[in-house]
Ligand code: UDP
C-alpha cells in the first residue's frame, strides 16, 4: 500500500518488509528499481512532474528521512518508519551474500567505490562485488558495457539526486541487472570517507542536524526541509476542507 506525500507514493513498510520486498524485486524476472527520497527530493519533485513520475514508477519507494515521516503524520496518514537507503542497502547486501547475487557499485569520486567494496567484503566475505565505476563520466556506454560484462544482478547507482534516478530511467533495461537502487552518498558512507551521525542523533531524528554541522555548505539545500514541512501543513488544511 502506498501513502501519498505531496505527490509521491511511499511504500508503507517496516524496515524488514522493505528488505523482503527489495529482495523479491531482485529475484524477479523483470528489471525494476528502488528510490529513497528524502524531503529535499520530494520538494524538488513538486516543480518537476517528470521527476515525480520517475519516483512514482519505482518498484519500491522508501522514506529516507525524518522529514518525510513528519509530513506523513501532518497529513494524517503516518508511515510505519523511516527506512534509510544506506541501511536498507546494507541489509539487502547480506541477502545477496547468502544467495550468491552479484553486486555492481556505481558512483562517487574515483576510488571510493573500490574502497567501499574492500570494506564491505571484509565485513561480508561471501558478498560478490563484480565491478565498480566512479560517478564522474562523460560517456554512459562503457559503463553500461562494463555492468553487462560483470553479470551484475544489482547495481547501486550513487550519483546524487536527481542524476541517479534519471540514469536509472534511461538505462534500466540495458545492463542485464534486475535491480537498480538510487543511493545518493551511500558509497562514501560504506568507504568511511563520510561519517554517519552517531546513533543518538539518528534515534532523536536529528541526523539532518549532525549533517548540517559537519557539512555546513548544505545549509541552502537544507532550507528545503522547513519549506517541505510547510507544504505538508498547507496540504493537510486543504485536504480537511
Ligand atoms: N556524485 C557522482 N557524480 C556526480 C555528482 C555526484 O558520483 O556527477 C556523487 C558524489 O560524489 C556523492 C553522491 O553522488 O558520493 C551524492 O551524495 P550526496 O550526499 O550529495 O547525495 P544525497 O544522498 O544527499 O542525495
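The values are calculated or read from the model by the stated rules, or taken from the named source; none is laboratory data. Everything numeric here is computed off the predicted structure, so don't read it as measured data. Reconstructed Cβ throughout: ideal geometry from the backbone, glycine too, with neighbour counts over all protein chains shown.
Name the one entry in 151, 160 that is within 21 Å of residue 185 (Cβ to Cβ), out of contact with any helix residue (DSSP H, G or I) (no Cβ under 6 Å at 6 or more places or on another chain) and at pLDDT 95 or above. Full working, then the answer.
Values: 151 fails: within 21 Å of residue 185 (Cβ to Cβ).
After applying the criteria, what remains is 160.
Since residue 80 meets every condition but one in (1) assigned to a loop (DSSP other than H, G, I, E, B); (2) under 28 Å from residue 227 (Cβ atoms); (3) more than 13 Å from the ligand (Cβ to nearest atom); (4) touching a strand residue (DSSP E or B) at 6+ places or on another chain (Cβ under 6 Å), which condition does it not meet?
In the conditions (1) assigned to a loop (DSSP other than H, G, I, E, B); (2) under 28 Å from residue 227 (Cβ atoms); (3) more than 13 Å from the ligand (Cβ to nearest atom); (4) touching a strand residue (DSSP E or B) at 6+ places or on another chain (Cβ under 6 Å), residue 80 misses (4) alone.
Return yes or no: is residue 103 out of contact with any strand residue (DSSP E or B) (no Cβ under 7 Å at 6 or more places or on another chain), in contact (Cβ under 8 Å) with a residue 12 or more places away in the chain and either away from the ligand (no atom under 14 Å from the Cβ) or under 14 Å from residue 189 (Cα atoms) (or both)? Spell out the reasoning first.
Numbers: out of contact with any strand residue (DSSP E or B) (no Cβ under 7 Å at 6 or more places or on another chain): no; in contact (Cβ under 8 Å) with a residue 12 or more places away in the chain: yes; either away from the ligand (no atom under 14 Å from the Cβ) or under 14 Å from residue 189 (Cα atoms) (or both): yes.
Taking the combined requirement at face value, the residue does not satisfy it.
Examine the stretch 86-107 for a residue that is within 20 Å of the chain's Cα centre (by Cα), surrounded by fewer than 21 Cβ atoms within 10 Å (Cβ to Cβ) and assigned to a loop (DSSP other than H, G, I, E, B), and state whether such a residue exists.
no
Residue 65 - would you say it is at positive phi, modelled with pLDDT under 95, in contact with a helix residue (DSSP H, G or I) (Cβ under 7 Å, 6 or more places away or on another chain) and within 16 Å of the ligand (Cβ to nearest atom)?
So residue 65 passes the test.
Please determine whether any residue of the stretch 22-38 is at pLDDT 95 or above, in a helix (DSSP H, G or I) and within 16 Å of the ligand (Cβ to nearest atom).
For the stretch 22-38, residues at pLDDT 95 or above, in a helix (DSSP H, G or I) and within 16 Å of the ligand (Cβ to nearest atom): absent.
Evaluate the stretch 40-57: report whether one residue or more is within 14 Å of the ligand (Cβ to nearest atom) and part of a loop (DSSP other than H, G, I, E, B).
Scanning the stretch 40-57, I find no residue that is within 14 Å of the ligand (Cβ to nearest atom) and part of a loop (DSSP other than H, G, I, E, B), so the answer is no.
Let's see how each residue does on (1) out of contact with any strand residue (DSSP E or B) (no Cβ under 7 Å at 6 or more places or on another chain); (2) over 17 Å from residue 96 (Cβ atoms):
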| residue | (1), (2) |
| --- | --- |
| 2 | no, yes |
| 8 | no, yes |
| 26 | no, no |
| 49 | yes, yes |
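Listed residues 200, 181; which is surrounded by fewer than 16 Cβ atoms within 10 Å (Cβ to Cβ) and closer than 28 Å to residue 122 by Cα?
Working: 181 fails: surrounded by fewer than 16 Cβ atoms within 10 Å (Cβ to Cβ).
Going through 200, 181 in turn, just one is surrounded by fewer than 16 Cβ atoms within 10 Å (Cβ to Cβ) and closer than 28 Å to residue 122 by Cα: 200.
Quick one: would you say residue 239 is closer than 19 Å to residue 68 by Cα, touching a strand residue (DSSP E or B) at 6+ places or on another chain (Cβ under 8 Å) and in a helix (DSSP H, G or I)?
Taking the combined requirement at face value, the residue does not satisfy it.
Working only within the stretch 210-235, note down all residues that are surrounded by fewer than 16 Cβ atoms within 10 Å (Cβ to Cβ), without any contact (Cβ under 8 Å) to a residue 24 or more places away in the chain and in a helix (DSSP H, G or I).
213, 214, 216, 217, 218, 219, 220, 226, 230, 234
Keeping to the stretch 10-22, report how many residues are in contact with a strand residue (DSSP E or B) (Cβ under 9 Å, 6 or more places away or on another chain), in contact (Cβ under 8 Å) with a residue 40 or more places away in the chain and more than 18 Å from residue 77 (Cβ to Cβ).
The number of residues fulfilling the criteria is 1.
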